[in-house]
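J.: Take this structure first; my questions come after.
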Amino acid sequence: MKFPLMIELSVAASVAHSQSNCNARLLVSGYFSNNVHVYNACSGAFERLLDNENRISGAQTTRLSADGKLYVVSEGSGQILRYNAQTLAFEAAAVQLPTNFGGTGMVLTGNEIWVAGYSYDGVQRFSLQGAALGDVVAPRAAGLNGADNGMVIGPDGRLYVPGYDSDNVVRRDPNSGHTTTFISA
């Protein structure tokens, strides 16, 4: 089991706050705090914790969808949680990850959620309704070990996945379907 200090920053558009004219939030995922800390993105002032119901365990990546939903990877509970991005109200556990998957990184693409699995050593696809759709990156492809937070679709349209234990980054080309080493250990 890994225990890194994970902090993820993302800025989320939101409705204007009553205490300021700033309409943006800064979200900081705290792996050990088991929550996402919400700050005013203009002033840096702490506003609140995302969830006070102990749903988040080992907070990892946060992502905004085009339809105004906020998704959070909860590694410890093995779930992708969905919130209303404006009100920050909890909506549902959008995805139940496979046992011992170790969800860390996530990207949203179209109507799918792609999730990096630290213990799985690969990336799986899920529908927004939670249905498993198969692999994006097969386990251990191109030497990937410990698929981690920081996964991103680059400006070139390729998927980049960091390997925590392999100290590398693999790249999947959607046109060819090939996964190759982008940055060696």
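J.: Give me P(r) over segment 57-98, computed from all C-alpha to C-alpha distances, binned every 10 Å, as integer percentages.
T.: 33, 56, 11
J.: Moving on to the next point. Please work out the Cα convex hull volume for segment 144-185 and give it in Å³ per residue. Each step should come with its number before you reach the end.
T.: Working: hull volume 2.3 nm³, N = 42.
Taking only Cα atoms, segment 144-185 has a hull volume of 55 Å³ per residue.
J.: Can you tell me the relative contact order of the chain? Whole percent, Cα pairs under 8 Å, sequence separation 6 or more. Walk me through the intermediate numbers first.
T.: Working: 488 pairs, mean separation 19.9, N = 185.
Once normalised by length, the contact order is 11 percent.
J.: Continuing with this model, one more query. Estimate the FRET efficiency between C22 and T109 by the formula 1/(1 + (r/R0)^6), using the beta-carbon distance for r and 35 Å for R0, to the nearest 0.05. Could the numbers behind the result be given before it?
T.: On the way: r = 29 Å, r/R0 = 0.84.
After rounding to 0.05, the efficiency reads 0.75.
J.: A follow-up question, please. Rounded, prolate or oblate, given the Cα gyration tensor of the chain, with a/c below 1.5 counting as rounded? List each step's numbers first, then the result.
T.: Working: a/c = 1.77, a/b = 1.70, b/c = 1.04.
Here the chain falls in the prolate category.
J.: Need one number: the % of Cα-Cα pairs in segment 17-102 sitting beyond the 21 Å mark. Don't jump to the answer; show the numbers that get you there.
T.: Working: 996 of 3655 pairs.
Distances greater than 21 Å cover 27 percent of the Cα pairs.
J.: Can you give me the distance in nm between label points at R48 and D67, each placed 7 Å from the Cα along the Cα-to-Cβ direction?
T.: Simple spin-label model gives 2.3 nm for this pair.
J.: Ranked from highest to lowest mean number of other Cβ atoms within 10 Å per residue, what is the order of the peptides 73-86, 32-45?
T.: Values: 73-86: 20.8, 32-45: 16.6.
The peptides rank, most packed first, as 73-86, 32-45.
J.: Specify whether the C-alpha gyration tensor of segment 74-116 places it in the rounded, prolate or oblate class, a ≥ b ≥ c being the square roots of the eigenvalues: rounded for a/c under 1.5, otherwise prolate if a/b is larger than b/c and oblate if not. Working shown, then result.
T.: Working: a/c = 2.28, a/b = 1.39, b/c = 1.64.
Here segment 74-116 falls in the oblate category.
J.: With a ≥ b ≥ c taken as the square roots of the eigenvalues of the C-alpha gyration tensor of segment 32-81, please select rounded if a/c is under 1.5 and otherwise prolate if a/b is larger than b/c or oblate if it is not?
T.: Values: a/c = 2.28, a/b = 1.27, b/c = 1.80.
Verdict is oblate for segment 32-81.
J.: Taking the Cα centre as origin and putting +1 on Lys and Arg beta-carbons and -1 on Asp and Glu beta-carbons, what dipole magnitude results for the chain, to the nearest 20 debye? Before the final figure, lay out the partial values.
T.: Working: 12 positive and 15 negative charges, 28 e Å.
Its charge dipole is roughly 140 debye.
J.: Moving on. Per residue, how many Å² of accessible area does the chain show with a 1.4 Å probe?
T.: Working: 8730 Å² over 185 residues.
About 47 Å² of surface per residue is accessible.
J.: Along the charge dipole of the chain, which of Y71, Y160, S57 sits closest to the positive end, that is, farthest toward it, with unit charges on the beta carbon of Lys, Arg, Asp and Glu (+1, +1, -1, -1)?
T.: Looking along the dipole axis, the top candidate is Y71.
J.: Fully extended, how many nm does the chain gain between R140 and H178 (0.36 nm per residue separation, minus their Cα-Cα distance)? Spell out each step's value before the answer.
T.: Numbers: separation 38, 0.36 × 38 = 13.68 nm, distance 1.30 nm.
Computed gain between R140 and H178 is 12.4 nm.
The values are calculated or read from the model by the stated rules, or taken from the named source; none is laboratory data. Please read these numbers as outputs of a predicted model, since none were measured by experiment. Positions of Cβ are backbone-derived with ideal geometry, glycine not excepted, and every protein chain shown enters the neighbour counts. All accessible areas refer to the heavy atoms of the entire protein, side chains included, with ligands and DNA or RNA removed. Shrake-Rupley method; radii C 1.70, N 1.55, O 1.52, S 1.80 Å.
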